[in-house]
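Contents: one structure, followed by commentary.
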Amino acid sequence: MDEMNRVIVDLGDRTYSVVVGNGARSQTASLLPATARRVSIVTQSGIPRHLIPEFPDHVVTIHEIGIGEEFKSLSTILELCSAFAQAGMTRNDVVVGVGGGMVTDIAGFAAASYHRGIPVVHVATSLLAMIDAAVGGKTGVNIPEGKNLVGAYWQPYGVVCDLDALDTLPAREMRCGLGEMAKYHFIAREDLDQLPFPQRIARSVEIKAEIVSADEREGGVRALLNYGHTLAHAIEIETDFAMAHGEAVALGLLFAAHLAEAMGRIDADRVSEHYRVVHDVYGIELSLPQGLDNGRLIAAMGRDKKALESITFVLDSANGLEVVPGVSEADIRIALTAFTRRLS
């Protein structure tokens, strides 16, 4: 990585750069494809205008999407594709998503769909988007049956993570990013808390880039990026997204530790290490939302997109994280009981 912290996602002829640093948005124009004449910026009204890059050599249109999970839908994709057509966008032009994880998911899926795929560049403005959503090419929207169940793998042409954006990030949005950052401690089995925070962001991006380069379409090691997500997605669905994604992931990491202990994969000290990282390193101390029913949570986990023929989890072990299919409902219930008791 150079002084601007440039991480390479190595995918052969689709290799791209992730630029991390203060003022990194100034690098955005240099990442656009040379063929692009028009730029369609996808963003939201809450994104500070000074974070939107300028493209003086291009014809630029700005398209704002709604705020809230109800707008992470196929109807939003349809509206964007219609707007792209009205703006005269061709497959040689480029979409630029400026915002958090919801924006990069939607901008990426719209770009993957329009003209059967046009380039997209992401300018991540939240911590969650920087270390997770904007990197790796997974795009998608929600349907009533589950989160991100409709989408596409569509790698960006480049990604910009401008750390200036974190200065004005609301506390809850920062907490969501920290929940995702916590998982990298267990994926890499490194003491990331020993790094200064900007370097920890760059290292998180680097860990994800290494995994994506090795397994672009989640046929193997990439599934480890879903650590903590099986319960997290279930909580989001069962609370109608009242609990934000990164918050739910933080809880999901703790539950996954209890489940691994119930299955004899790790000991109590390793469970406590999960609590240390989530509670002490990142200061995320949350309770389970009221009114959740264990049976409904288990059913929702069974519908998670990682479940093939049985309930599948990413779980810790002495050898690191592993994808574990066929987890029994009995073990899940034991873990939920222990998890709920420790949080109370």
Could you list all residues from the range 27-47 that are at pLDDT 95 or above and of a type outside the set (A, V, I, L, M)? Q27, T28, S30, P33, T35, R37, R38, S40, T43, Q44, S45
Report the residue count in the range 105-142 for those that are among the acidic types (D, E) and touching a Leu at 6+ places or on another chain (Cβ under 8 Å). 1
Kindly establish whether A300 is free of Cβ contacts under 8 Å to residues at least 24 places away in the same chain, under 21 Å from L149 (Cβ atoms), assigned by TED's automatic domain parsing to the domain that holds F339 and surrounded by 18 or more Cβ atoms within 10 Å (Cβ to Cβ). no
Kindly evaluate E145 against the criterion of being in contact (Cβ under 8 Å) with a residue 24 or more places away in the chain and either within 16 Å of G101 (Cα to Cα) or crowded, with 18+ Cβ neighbours inside 10 Å (or both). no
Among the residues of the range 252-305, which ones are polar (S, T, N, Q) and in contact with a Lys or Arg (Cβ under 8 Å, 6 or more places away or on another chain)? N294
Any chance you could count how many residues in the range 105-153 are in a strand (DSSP E or B) and in contact with a strand residue (DSSP E or B) (Cβ under 7 Å, 6 or more places away or on another chain)? 17
Wholly within the range 12-70, strands (runs of 3 or more DSSP E) carrying at least 1 residues that are in contact (Cβ under 8 Å) with a residue 60 or more places away in the chain and within 22 Å of the chain's Cα centre (by Cα): 16-21, 38-44
Of the candidates R37, R25, the one satisfying the condition of being among the basic types (K, R), surrounded by fewer than 15 Cβ atoms within 10 Å (Cβ to Cβ) and not assigned by TED's automatic domain parsing to the domain that holds H245 is R37
Hits in the range 30-60 - residues which are under 13 Å from V98 (Cα atoms) and of a type in the set (S, T, Y): S40, T43, S45
Of all residues being farther than 20 Å from V95 by Cβ and among the β-branched types (V, I, T) in the range 125-147, which is modelled with the lowest pLDDT? Just the residue, please. I143
Specify which of the listed residues (Y114, Y153, Y157) is surrounded by 23 or more Cβ atoms within 10 Å (Cβ to Cβ) and under 18 Å from R91 (Cα atoms). Y114
Taking S204, is it of a type in the set (G, A, S) and surrounded by fewer than 22 Cβ atoms within 10 Å (Cβ to Cβ)? no
Hey, does the range 222-232 have a residue that's surrounded by fewer than 18 Cβ atoms within 10 Å (Cβ to Cβ), hydrophobic (A, V, I, L, M, F, W, C) and outside any loop (DSSP other than H, G, I, E, B)? no
If we keep just the residues of the range 233-255 that are among the aliphatic types (A, V, I, L, M) and closer than 20 Å to D293 by Cβ, which is surrounded by the most Cβ atoms within 10 Å (Cβ to Cβ)? A248
Wholly enclosed helices (runs of 4 or more DSSP H) of the range 247-344 bearing at least 3 residues more than 21 Å from L192 (Cβ to Cβ) and touching a helix residue (DSSP H, G or I) at 6+ places or on another chain (Cβ under 6 Å): 294-302, 329-343
Which of the residues that make up the range 263-276 are surrounded by fewer than 23 Cβ atoms within 10 Å (Cβ to Cβ), of a type outside the set (F, W, Y) and touching a residue at least 40 places away in the same chain (Cβ under 8 Å)? M263, R265, I266, R270
Can you name every residue in the range 154-188 that is part of a loop (DSSP other than H, G, I, E, B) and either at pLDDT 95 or above or hydrophobic (A, V, I, L, M, F, W, C) (or both)? W154, Q155, P156, Y157, L169
Of the residues in the range 71-96, those that are under 23 Å from the mean Cα position of the chain (by Cα) and in a loop (DSSP other than H, G, I, E, B) come to K72, S73
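The values are calculated or read from the model by the stated rules, or taken from the named source; none is laboratory data. Since we're looking at a predicted model, the values are computed, not measured. Cβ sites come from the backbone with ideal geometry, for glycine too, and all protein chains shown count toward neighbours.
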